[in-house]
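Taking it in order: structure first as structure tokens, then the write-up.
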Amino acid sequence: MSASLKLARNDQGEPEIFRSIQGEGPALGRPRTFVRLSGCNLHCVWCDTAYTWNWVGTPFAHESGKKFEPSAEMIKLGAAETADRIRALPSEGVVITGGEPLLQTDALVEMIDALREHDHRHLVEIETNGSIVPSDALIDRIDYFVVSPKLAHSGNDAELALKPDALRRYAELPGAFLKFVAKDVRDIETAAEIADIYGFPAPRIYIMPEGTTSEGVRARGTLLADAVITHGFNYSDRLHIHLFGQKRGV
């Protein structure tokens, strides 16, 4: 029997599996099929997918002040059926995002195997907050990890968000990239310290401005650009915000 995955719902109540343009990180601008999972072990105050974790009755803070009903925002789908839905939206790769995907590692391994039964070339990427050590089974199946450690402005304590064992493991993987959400230049300095501690070279570091509007992303990006260049890091835009705005399924 197929394992089940907990997926987020789109605005129509269907599983949030969609084809779009990757808006962030090393594959920015590339066509991808996205799978958004539900559930997260961290709780960022500015999270743009709070409907995957900020449930009614929980104490977590969010700048929107909005809470969500799990039954309305989450749907369970078998690993094999999830793979079928991904294949129905072909692109050059699939991005597994969330929420925090590594909370569902075993079911993800099964889903990826089902996906590759029909096409072993299928590129698979995961977007993760980097606080969970990836299993060897998952590492064997993932082409790229885009790891986004959460800094102090996220509202998460460093003890929860920055896990040394996990970050050391990602540093060992040539296909793992760090993507930091930055609000100001001080965040880039913190990112540089983290990269140095765990041995991530500058070409594997991306700095992305926090923001959910095109105007906000541009304004913050302008403030960050010089520091990004100084450190030799990469700048990541939020292309999907410019193209589609802040909404689900894009």
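The values are calculated or read from the model by the stated rules, or taken from the named source; none is laboratory data. Nothing here was measured: the structure is a model prediction, and the numbers come from that model. Neighbour counts are summed over all protein chains in view; Cβ atoms, including those assigned to glycine, are modelled from backbone coordinates with ideal geometry. These accessible areas exclude ligands, DNA and RNA; they are computed on the full protein's heavy atoms, side chains included. Shrake-Rupley method; radii C 1.70, N 1.55, O 1.52, S 1.80 Å.
With the cut-off at under 17 Å, measuring from each backbone N in region 145-186 to a point 7 Å along the Cα-to-Cβ line of ASP226 picks out 183-186. Note on the chain: Cα-only Rg and Dmax are 17.2, 53 Å.
Sorted largest first, the principal axis extents computed over the alpha-carbon atoms of region 51-104 equal 38, 21, 19 Å.
With every protein chain kept in place and ligands, DNA and RNA left out, what is the accessible area per residue of region 67-178? Probe 1.4 Å, answer in Å².
On the way: 4820 Å² over 112 residues.
Computed with neighbouring chains in place, this is 43 Å² per residue.
Think of it this way: in the chain, CYS40 stand alone, with no other Cys Cβ under 4.7 Å. Distance distribution P(r), region 142-192, all Cα-Cα pairs, bin width 5 angstrom from 0: 5, 19, 26, 27, 16, 7, 1 percent. For region 2-14, 3J(HN,Hα) computed residue by residue from phi via the Karplus equation (6.51, -1.76, 1.60; θ = phi - 60°) reads 5, 5, 9, 10, 8, 10, 6, 9, 7, 5, 9, x, 8 Hz, glycine and proline entered as x.
Using the rule -39500 (n - 2.57) for each DSSP H run of four or more residues, divided by the residues of the chain, the 222 nm mean residue ellipticity is -9000 deg cm²/dmol.
Can you figure out the FRET efficiency of ALA158 with ARG19, using R₀ = 30 Å and their beta-carbon distance, to the nearest 0.05? Approximately 0.25, to the nearest 0.05. Taken over the chain, lysine pairs spaced eight or more positions apart, or on distinct chains, with alpha carbons under 24 Å apart number 21.
What shape does region 22-83 take by its C-alpha gyration tensor, where a ≥ b ≥ c are the square roots of the eigenvalues and a/c under 1.5 counts as rounded, a/b above b/c as prolate, and the rest as oblate?
Details: a/c = 2.93, a/b = 1.32, b/c = 2.22.
In terms of gyration-tensor shape, oblate.
If you run the Gaussian network model on the chain, springs between alpha carbon atoms under 10 Å, then out of GLY29, GLY65, GLY39 the most flexible one is GLY65.
In Å³ and rounded to a whole number, note down the convex hull volume per residue for the Cα atoms of region 175-215.
Values: hull volume 3.2 nm³, N = 41.
Measuring per residue, one finds 77 Å³ for the Cα hull of region 175-215.
Build a GNM of the chain with springs between Cα atoms under 10 Å apart, and of SER135, SER236, SER20 the one that fluctuates most is SER135.
Quick one: pull the percent of accessible area on the chain belonging to carbon and sulfur, 1.4 Å probe, ligands and nucleic acids left out. Exposed carbon and sulfur together represent 52 percent of the surface. For region 202-249, the alpha carbon positions stretch 33, 21, 13 Å along the principal axes, listed from largest to smallest.
The distance from the alpha carbon centre of region 196-213 to that of region 1-44 is 21 Å, rounded to a whole number. Just so you know, the Cα atoms of region 1-145 work out to an Rg and Dmax of 14.8, 44 Å.
Net length available on complete extension from ARG168 to PHE60 is 36.1 nm, with 0.36 nm assigned per residue and the Cα-Cα distance removed. Springs join every pair of Cα atoms under 10 Å in this Gaussian network model of the chain, and among HIS120, HIS240, HIS62 the largest mean-square fluctuation is at HIS120.
From the C-alpha coordinates alone, can you work out the Kirkwood hydrodynamic radius of region 91-239, in Å?
Values: mean 1/r = 0.0621 Å⁻¹.
Radius from the Kirkwood sum: 16.1 Å.
Put simply, the amide H of VAL124, placed in the peptide plane, has neighbours under 5 Å in VAL94, ASP143, TYR144, leaving out anything fewer than 5 places away on its chain.
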